[in-house]
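Undergrad: Got a structure here, written out as structure tokens. Questions coming.
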Amino acid sequence: MAKALAIASIVWPALLGFAVWDRVGGRPGILSFAVYIAGSRICHQKVERSFHTDHVEWPVCARCSGLYASAPFGAVAALLIRRRRAASPRYVTWLAIASVPTLLTLGLEFAGLAAPSNLTRAIAALPAGAMIAFVLVRLAAGVPRTLE
């Protein structure tokens with residue numbers, strides 16, 4: 001299961017990129033359509049909060065793009081790191097720390113103190129995306145089984 005999650009964390013961003021490329025080409029196929037539909041189920045897809053390539057909106061917003069772009073790094077790291085079962089990493093603590101940049105941009109936005117750019121949103125989401133994938137793959141591998 002852990003390897004399947006790691007593979008999915010690589011395939012999904014590749015599919016996102018393919019869908020954009022396919023639409024930029026002018027004749028999007030069924031796979032591109034399916035990716036955009038899937039994207040609409042997991043993301044608000046607000047035009048002003050999404051990246052665009054050649055006037056084609058990406059299937060997910062900038063923040064989601066950052067999450068998905070970094071997920072393969074966390075997933076692969078989780079597969080490569082060998083840790084004894086006795087070790088009990090503090091996954092919740094690491095997830096909280098990795099989420100700080102995203103929470104900061106969200107807080108500034110909601111408070112009306114700043115309007116982060118799409119690039120800022122994407123970059124702020126990178127640590128969270130990598131850590132979420134890392135934790136999910138480690139838990140799927142059963143190393144360790146606690147979230148402490």
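Undergrad: Neighbouring Cβ atoms within 10 Å as the yardstick, rank W12, W58 fewest first.
TA: W12, W58
Undergrad: Could you give the length gained on full extension between T93 and H55, defined as 0.36 nm per residue of separation minus the Cα-Cα distance, in nm?
TA: Between T93 and H55, full extension yields an extra 9.7 nm.
Rule-based calculations on the coordinates, nothing more; no lab input. Here the structure is a predicted model, which means the values were calculated and not measured. FYI the Cβ positions are ideal-geometry reconstructions off the backbone, even for glycines, and counts take in every protein chain you see.
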